[in-house]
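Here the structure comes first, spelled out in C-alpha coordinates, and everything after it is commentary.
The values are calculated or read from the model by the stated rules, or taken from the named source; none is laboratory data. Not measured: the values here are computed from a predicted model. Backbone-built Cβ (ideal geometry, glycine too); neighbour counts: all protein chains shown. Side chains included, ligands, DNA and RNA excluded: accessible areas come from the protein's heavy atoms. Shrake-Rupley method; radii C 1.70, N 1.55, O 1.52, S 1.80 Å.
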Amino acid sequence: AKNKHIQGAQFYSSEKYNEIRKRATMENELRKAVEHKDFHLLYQPQIDLRTNEMVGVEALIRWENEELGFISPGEFIPIAEEIGVIGQLTEWVLETACLKGKEWQQQGIPPLRIGVNISPYMIGEELVLMVEKTLEKTGLEAKYVDLEITESFMQDPDYAIHILKKLKEIGVRLSIDDFGTGYSSLSNLRKLPVDCLKIDRSFIQEMLEDEGVIVKTILDMANHLKLSVVAEGIETEDQLQFLNTLHCQVGQGYYFSRPVAEVPVTSRFLSKG
Ligand code: C2E
Ligand code: CA
Ligand code: CA
Ligand code: CA
(Lines give C-alpha, C1' and ligand atoms only; values in the text may rest on other atoms or scores of the structure.)
(Ligands and ions follow the chains in the order given, each with its own letter.)
Protein backbone atom coordinates (compact mmCIF):
# COMPACT_ATOMS: atom_id res chain seq x y z
CA ALA A 1 0.00 0.00 0.00
CA LYS A 2 2.90 2.30 0.77
CA ASN A 3 4.30 2.09 -2.78
CA LYS A 4 1.00 3.06 -4.27
CA HIS A 5 1.01 6.24 -2.20
CA ILE A 6 4.51 7.14 -3.33
CA GLN A 7 3.71 6.55 -7.01
CA GLY A 8 0.58 8.63 -6.74
CA ALA A 9 2.19 11.44 -4.81
CA GLN A 10 2.29 13.89 -7.71
CA PHE A 11 -1.52 13.82 -7.85
CA TYR A 12 -2.05 14.63 -4.23
CA SER A 13 -3.87 17.79 -3.32
CA SER A 14 -1.78 20.23 -1.32
CA GLU A 15 -3.86 19.34 1.71
CA LYS A 16 -2.92 15.71 1.43
CA TYR A 17 0.67 16.71 0.76
CA ASN A 18 0.77 18.78 3.94
CA GLU A 19 -0.64 15.89 5.89
CA ILE A 20 2.07 13.59 4.63
CA ARG A 21 4.74 16.16 5.37
CA LYS A 22 3.43 16.69 8.86
CA ARG A 23 3.47 12.97 9.48
CA ALA A 24 7.08 12.72 8.26
CA THR A 25 8.08 15.63 10.51
CA MET A 26 6.30 13.99 13.42
CA GLU A 27 8.15 10.71 12.87
CA ASN A 28 11.51 12.49 12.72
CA GLU A 29 10.82 14.64 15.74
CA LEU A 30 9.54 11.65 17.69
CA ARG A 31 12.71 9.69 16.95
CA LYS A 32 14.78 12.63 18.19
CA ALA A 33 12.59 13.08 21.26
CA VAL A 34 12.99 9.42 22.21
CA GLU A 35 16.74 9.66 21.73
CA HIS A 36 16.98 12.78 23.91
CA LYS A 37 14.28 11.69 26.39
CA ASP A 38 12.47 14.88 25.60
CA PHE A 39 9.23 14.04 27.44
CA HIS A 40 7.79 14.51 30.86
CA LEU A 41 5.29 12.66 32.98
CA LEU A 42 2.19 13.90 34.73
CA TYR A 43 0.46 11.92 37.46
CA GLN A 44 -3.28 11.58 37.97
CA PRO A 45 -4.43 10.62 41.48
CA GLN A 46 -6.54 7.52 42.09
CA ILE A 47 -8.84 7.89 45.06
CA ASP A 48 -10.34 5.35 47.44
CA LEU A 49 -14.00 6.36 47.19
CA ARG A 50 -14.84 5.26 50.73
CA THR A 51 -12.04 7.00 52.60
CA ASN A 52 -11.19 9.77 50.13
CA GLU A 53 -7.56 8.76 50.34
CA MET A 54 -5.21 8.78 47.42
CA VAL A 55 -4.12 5.20 46.86
CA GLY A 56 -2.18 5.57 43.66
CA VAL A 57 -1.46 7.61 40.58
CA GLU A 58 -1.39 6.94 36.87
CA ALA A 59 1.65 8.20 34.98
CA LEU A 60 0.72 9.91 31.72
CA ILE A 61 3.33 10.95 29.19
CA ARG A 62 3.50 14.46 27.72
CA TRP A 63 5.40 15.67 24.67
CA GLU A 64 5.84 19.26 23.62
CA ASN A 65 7.81 19.85 20.46
CA GLU A 66 9.25 23.16 19.25
CA GLU A 67 7.97 22.73 15.74
CA LEU A 68 4.78 20.77 16.27
CA GLY A 69 3.64 22.15 19.60
CA PHE A 70 1.84 19.96 22.10
CA ILE A 71 1.00 16.51 20.76
CA SER A 72 -1.30 14.23 22.74
CA PRO A 73 -0.17 10.69 23.58
CA GLY A 74 -3.29 9.44 21.82
CA GLU A 75 -1.66 10.78 18.65
CA PHE A 76 2.03 9.94 19.09
CA ILE A 77 1.94 6.61 20.94
CA PRO A 78 0.53 4.77 17.89
CA ILE A 79 3.28 6.35 15.78
CA ALA A 80 5.92 5.31 18.32
CA GLU A 81 4.58 1.77 18.01
CA GLU A 82 4.68 1.91 14.23
CA ILE A 83 8.20 3.27 13.88
CA GLY A 84 9.59 0.92 16.49
CA VAL A 85 10.55 3.30 19.28
CA ILE A 86 7.87 2.24 21.77
CA GLY A 87 10.34 0.00 23.64
CA GLN A 88 12.76 2.85 24.37
CA LEU A 89 9.90 5.16 25.20
CA THR A 90 8.34 2.67 27.62
CA GLU A 91 11.70 2.12 29.29
CA TRP A 92 11.99 5.86 29.90
CA VAL A 93 8.43 6.09 31.27
CA LEU A 94 8.92 3.11 33.56
CA GLU A 95 12.22 4.35 34.94
CA THR A 96 11.01 7.94 35.40
CA ALA A 97 7.83 6.78 37.15
CA CYS A 98 9.74 4.43 39.46
CA LEU A 99 12.24 7.15 40.36
CA LYS A 100 9.34 9.48 41.14
CA GLY A 101 7.72 6.83 43.33
CA LYS A 102 10.98 6.43 45.21
CA GLU A 103 11.30 10.21 45.59
CA TRP A 104 7.79 10.51 47.04
CA GLN A 105 8.54 7.80 49.55
CA GLN A 106 11.71 9.60 50.60
CA GLN A 107 9.65 12.77 51.09
CA GLY A 108 7.47 10.88 53.52
CA ILE A 109 4.40 10.66 51.32
CA PRO A 110 2.56 7.42 52.17
CA PRO A 111 3.59 4.88 49.53
CA LEU A 112 1.61 5.23 46.35
CA ARG A 113 1.13 2.74 43.61
CA ILE A 114 2.17 4.06 40.22
CA GLY A 115 0.26 2.99 37.14
CA VAL A 116 2.32 2.80 33.96
CA ASN A 117 0.65 2.35 30.59
CA ILE A 118 2.06 -0.53 28.60
CA SER A 119 1.38 -0.75 24.90
CA PRO A 120 0.08 -4.18 23.90
CA TYR A 121 2.98 -4.33 21.42
CA MET A 122 5.27 -4.56 24.42
CA ILE A 123 3.86 -7.82 25.73
CA GLY A 124 6.88 -10.10 25.47
CA GLU A 125 10.01 -11.40 27.19
CA GLU A 126 11.76 -8.09 26.66
CA LEU A 127 9.18 -6.32 28.82
CA VAL A 128 9.73 -8.81 31.63
CA LEU A 129 13.47 -8.08 31.55
CA MET A 130 12.85 -4.34 31.33
CA VAL A 131 10.62 -4.35 34.41
CA GLU A 132 13.10 -6.44 36.39
CA LYS A 133 16.01 -4.24 35.41
CA THR A 134 14.18 -1.00 36.16
CA LEU A 135 13.07 -2.12 39.61
CA GLU A 136 16.61 -3.13 40.42
CA LYS A 137 18.04 0.13 39.10
CA THR A 138 15.57 2.42 40.88
CA GLY A 139 15.13 0.43 44.08
CA LEU A 140 11.34 0.74 44.03
CA GLU A 141 9.52 -2.28 45.38
CA ALA A 142 7.63 -4.22 42.73
CA LYS A 143 4.32 -4.01 44.57
CA TYR A 144 4.18 -0.25 43.95
CA VAL A 145 4.20 -0.68 40.18
CA ASP A 146 0.91 -1.21 38.40
CA LEU A 147 1.15 -2.09 34.72
CA GLU A 148 -1.93 -0.99 32.77
CA ILE A 149 -2.54 -3.08 29.68
CA THR A 150 -5.50 -2.86 27.31
CA GLU A 151 -7.46 -5.91 26.28
CA SER A 152 -6.07 -5.86 22.74
CA PHE A 153 -3.25 -8.18 23.83
CA MET A 154 -5.94 -10.86 23.93
CA GLN A 155 -5.50 -11.43 20.24
CA ASP A 156 -3.04 -14.10 21.33
CA PRO A 157 -4.31 -14.97 24.81
CA ASP A 158 -2.06 -17.96 25.51
CA TYR A 159 1.14 -16.06 24.86
CA ALA A 160 -0.14 -13.01 26.75
CA ILE A 161 -1.04 -15.13 29.76
CA HIS A 162 2.43 -16.67 29.74
CA ILE A 163 4.03 -13.20 29.84
CA LEU A 164 1.59 -11.81 32.39
CA LYS A 165 2.38 -14.72 34.70
CA LYS A 166 6.08 -13.87 34.51
CA LEU A 167 5.28 -10.25 35.37
CA LYS A 168 3.20 -11.41 38.34
CA GLU A 169 6.19 -13.47 39.53
CA ILE A 170 8.21 -10.26 39.71
CA GLY A 171 5.53 -8.94 42.04
CA VAL A 172 4.07 -6.04 40.07
CA ARG A 173 0.35 -5.37 39.95
CA LEU A 174 -1.49 -5.83 36.66
CA SER A 175 -4.55 -3.89 35.53
CA ILE A 176 -6.69 -4.16 32.44
CA ASP A 177 -7.06 -0.66 31.03
CA ASP A 178 -10.17 0.63 29.22
CA PHE A 179 -11.99 -2.47 30.39
CA GLY A 180 -15.14 -3.26 28.44
CA THR A 181 -14.01 -1.78 25.14
CA GLY A 182 -11.84 -4.68 24.00
CA TYR A 183 -11.79 -8.32 23.14
CA SER A 184 -11.59 -10.27 26.35
CA SER A 185 -14.26 -12.87 26.79
CA LEU A 186 -15.39 -13.86 30.24
CA SER A 187 -13.66 -17.22 29.96
CA ASN A 188 -10.39 -15.50 29.12
CA LEU A 189 -10.78 -13.03 31.95
CA ARG A 190 -10.97 -15.89 34.41
CA LYS A 191 -7.61 -17.20 33.19
CA LEU A 192 -5.81 -13.86 33.26
CA PRO A 193 -3.45 -13.31 36.18
CA VAL A 194 -4.56 -9.70 36.66
CA ASP A 195 -5.45 -7.77 39.81
CA CYS A 196 -7.63 -4.94 38.65
CA LEU A 197 -10.09 -3.79 35.99
CA LYS A 198 -10.14 -0.14 34.99
CA ILE A 199 -13.66 0.58 33.79
CA ASP A 200 -13.45 2.64 30.63
CA ARG A 201 -14.46 6.28 30.85
CA SER A 202 -17.19 5.85 28.23
CA PHE A 203 -19.20 3.63 30.62
CA ILE A 204 -18.86 6.14 33.44
CA GLN A 205 -20.08 8.88 31.13
CA GLU A 206 -23.16 6.89 30.05
CA MET A 207 -23.80 5.50 33.49
CA LEU A 208 -26.50 7.91 34.60
CA GLU A 209 -28.50 7.43 31.41
CA ASP A 210 -28.57 3.63 31.36
CA GLU A 211 -29.07 3.25 35.13
CA GLY A 212 -25.54 1.96 35.31
CA VAL A 213 -26.28 -1.54 34.00
CA ILE A 214 -22.87 -1.94 32.42
CA VAL A 215 -20.94 -0.55 35.35
CA LYS A 216 -22.99 -2.72 37.73
CA THR A 217 -22.30 -5.79 35.63
CA ILE A 218 -18.57 -5.11 35.57
CA LEU A 219 -18.53 -4.55 39.34
CA ASP A 220 -20.45 -7.81 39.96
CA MET A 221 -18.10 -9.70 37.74
CA ALA A 222 -15.03 -8.16 39.38
CA ASN A 223 -16.36 -9.09 42.83
CA HIS A 224 -16.97 -12.59 41.66
CA LEU A 225 -13.45 -12.93 40.28
CA LYS A 226 -11.97 -11.11 43.30
CA LEU A 227 -10.56 -8.31 41.19
CA SER A 228 -10.20 -4.68 42.20
CA VAL A 229 -11.86 -1.97 40.18
CA VAL A 230 -10.96 1.58 39.21
CA ALA A 231 -13.65 3.76 37.64
CA GLU A 232 -12.01 6.05 35.08
CA GLY A 233 -13.05 9.50 33.99
CA ILE A 234 -15.20 10.61 36.95
CA GLU A 235 -16.11 14.21 36.19
CA THR A 236 -19.15 15.02 38.30
CA GLU A 237 -20.49 14.74 41.84
CA ASP A 238 -23.49 12.78 40.50
CA GLN A 239 -21.24 10.18 38.94
CA LEU A 240 -19.29 9.87 42.17
CA GLN A 241 -22.43 9.45 44.26
CA PHE A 242 -23.80 6.82 41.95
CA LEU A 243 -20.51 4.89 42.03
CA ASN A 244 -20.65 5.05 45.83
CA THR A 245 -24.08 3.44 45.84
CA LEU A 246 -22.60 0.65 43.71
CA HIS A 247 -19.72 0.25 46.20
CA CYS A 248 -17.07 0.93 43.61
CA GLN A 249 -13.70 1.01 45.42
CA VAL A 250 -11.43 3.36 43.54
CA GLY A 251 -11.95 6.25 41.14
CA GLN A 252 -9.97 8.57 38.95
CA GLY A 253 -10.99 11.59 36.95
CA TYR A 254 -11.09 15.35 36.54
CA TYR A 255 -13.57 15.60 39.43
CA PHE A 256 -10.71 14.76 41.80
CA SER A 257 -7.77 16.01 39.81
CA ARG A 258 -6.36 16.46 36.35
CA PRO A 259 -2.98 14.87 35.74
CA VAL A 260 -0.41 16.96 37.67
CA ALA A 261 3.38 17.22 37.88
CA GLU A 262 3.46 16.73 41.65
CA VAL A 263 0.91 15.02 43.86
CA PRO A 264 -0.31 16.69 47.08
CA VAL A 265 1.87 15.75 50.03
CA THR A 266 -1.05 14.59 52.14
CA SER A 267 -2.69 11.29 51.35
CA ARG A 268 -6.15 12.56 52.28
CA PHE A 269 -7.55 13.90 49.12
CA LEU A 270 -9.74 16.95 49.31
CA SER A 271 -11.85 16.99 46.20
CA LYS A 272 -12.72 20.33 44.72
CA GLY A 273 -16.35 19.29 44.48
P1 C2E B 1 -5.63 6.04 29.19
O2 C2E B 1 -4.58 5.10 29.68
O3 C2E B 1 -7.01 5.55 29.15
O4 C2E B 1 -5.48 7.32 30.12
C5 C2E B 1 -6.56 8.10 30.57
C6 C2E B 1 -6.74 9.33 29.73
O7 C2E B 1 -7.94 9.99 30.12
C8 C2E B 1 -5.63 10.37 29.91
O9 C2E B 1 -5.49 11.04 28.65
C10 C2E B 1 -6.22 11.29 30.96
O11 C2E B 1 -5.66 12.57 30.95
C12 C2E B 1 -7.67 11.30 30.54
N13 C2E B 1 -8.58 11.59 31.65
C14 C2E B 1 -8.41 11.35 32.96
N15 C2E B 1 -9.51 11.72 33.68
C16 C2E B 1 -10.39 12.21 32.78
C17 C2E B 1 -11.73 12.75 32.91
O18 C2E B 1 -12.30 12.87 33.99
N19 C2E B 1 -12.34 13.13 31.75
C20 C2E B 1 -11.74 13.03 30.53
N21 C2E B 1 -12.41 13.44 29.47
N22 C2E B 1 -10.49 12.51 30.39
C23 C2E B 1 -9.82 12.11 31.50
P24 C2E B 1 -4.05 11.27 27.99
O25 C2E B 1 -3.06 11.63 29.05
O26 C2E B 1 -4.25 12.20 26.85
O27 C2E B 1 -3.66 9.85 27.45
C28 C2E B 1 -4.36 9.26 26.40
C29 C2E B 1 -3.92 7.82 26.19
O30 C2E B 1 -2.55 7.78 25.75
C31 C2E B 1 -3.94 7.00 27.47
O32 C2E B 1 -5.25 6.56 27.72
C33 C2E B 1 -2.98 5.89 27.11
O34 C2E B 1 -3.62 4.90 26.34
C35 C2E B 1 -1.96 6.61 26.26
N36 C2E B 1 -0.78 6.94 27.09
C37 C2E B 1 -0.58 7.99 27.92
N38 C2E B 1 0.64 7.92 28.51
C39 C2E B 1 1.21 6.79 28.04
C40 C2E B 1 2.49 6.15 28.26
O41 C2E B 1 3.34 6.58 29.06
N42 C2E B 1 2.73 4.99 27.56
C43 C2E B 1 1.81 4.45 26.71
N44 C2E B 1 2.12 3.31 26.07
N45 C2E B 1 0.61 5.02 26.49
C46 C2E B 1 0.31 6.18 27.13
CA1 CA C 1 -4.25 3.89 31.42
CA1 CA D 1 -8.00 3.99 30.47
CA1 CA E 1 -7.57 4.76 26.45
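The largest-to-smallest principal axis extents of the Cα set in the stretch 159-207 are 37, 21, 13 Å. Mean residue ellipticity at 222 nm from the helices of the chain, using -39,500 (n - 2.57) per DSSP H segment of n ≥ 4 over the full residue count, to the nearest 500 deg cm²/dmol? Taking each H run of at least 4 residues, the total per residue is -14000 deg cm²/dmol. Name the chymotrypsin sites (Phe, Trp or Tyr not before Pro) in the stretch 119-188 that are in a loop by DSSP and that have at most 14 other C-beta atoms within 10 Å, would you? Within the stretch 119-188, the qualifying chymotrypsin sites (Phe, Trp or Tyr not before Pro) (loop, at most 14 other Cβ atoms within 10 Å) are Y183.
Computing the accessible area with a 1.4 Å probe over protein heavy atoms, can you report the carbon and sulfur percentage for the chain?
Numbers: 7110 of 14440 Å².
Looking at the chain in its full context, I get 49 percent from C and S.
A Cβ-based charge dipole, computed about the Cα centre of the stretch 121-209 with Lys and Arg at +1 and Asp and Glu at -1, lands at about 320 debye. Close Lys pairs in the stretch 125-224, defined as Cα atoms under 18 Å apart and 8 or more places apart or on different chains, number 13.
At 1.4 Å probe radius, can you tell me the per residue accessible area of the chain in Å²? Numbers along the way, then the final one.
Numbers: 14440 Å² over 273 residues.
Averaged over the residues of the chain, the accessible area is 53 Å².
A crude spin-label estimate for the pair V213 and K143, with each label 7 Å from Cα along the Cβ direction, gives 4.1 nm.
Here the Kirkwood formula puts the hydrodynamic radius of the chain at 20.1 Å, using every distinct Cα pair. FRET efficiency for the L129 to N244 pair, using the beta carbon distance and R₀ = 41 Å, is estimated at 0.50. In the stretch 119-273, Cα pairs under 8 Å separated by at least six residues give a relative contact order of 16 percent.
Once you charge only the Cβ atoms, +1 for Lys and Arg and -1 for Asp and Glu, what is the size of the charge dipole of the stretch 1-139 about its Cα centre, to the nearest 20 debye? Before the final figure, lay out each step's value.
On the way: 16 positive and 22 negative charges, 46 e Å.
The dipole of the stretch 1-139 has a size of about 220 debye.
Which loop GluC sites (Glu not before Pro) in the stretch 99-197, with loop taken from DSSP, have no more than 16 other Cβ atoms within 10 angstrom of their Cβ? Intermediate values should be presented prior to the final figure.
Working: sites: E103, E125, E126, E132, E136, E141, E148, E151, E169; in loops: E141.
Passing sites in the stretch 99-197 are E141.
Calculate, for H162 and L186, the FRET efficiency according to 1/(1 + (r/R0)^6) with r their C-beta to C-beta distance and R0 30 Å; round to the nearest 0.05. Write out the running numbers ahead of the final one.
Values: r = 20 Å, r/R0 = 0.68.
The formula returns an efficiency of 0.90 here.
Put a plus charge on the Cβ of each Lys and Arg, a minus charge on the Cβ of each Asp and Glu, and nothing anywhere else: the dipole of the chain about its Cα centre is then about 440 debye. In a GNM of the chain with a 10 Å cut-off on Cα contacts, which of N244, N52, N28 has the highest mean-square fluctuation? Comparing N244, N52, N28 in a Gaussian network model of the chain, the most mobile one is N28. The residue among L243, C196, V260 whose Cα reaches farthest toward the positive pole of the charge dipole of the chain, with charges on the beta-carbon of Lys, Arg, Asp and Glu, is C196. Model label points for E235 and N52, set 7 angstrom from Cα along the Cα-to-Cβ axis, are 2.4 nm apart.
When the charge dipole of the chain is built from unit charges on Cβ atoms (+1 for Lys and Arg, -1 for Asp and Glu) and taken about the Cα centre, the candidate among M130, Q44, A231 whose Cα reaches farthest toward its positive end is M130. Assign one of three labels to the stretch 120-273, namely rounded, prolate or oblate, based on the Cα gyration tensor with a ≥ b ≥ c the square roots of its eigenvalues; rounded applies when a/c is under 1.5, prolate when it is not and a/b is larger than b/c, and oblate otherwise. Judged from the Cα gyration tensor, the stretch 120-273 comes out oblate (a/c at least 1.5, b/c at or above a/b).
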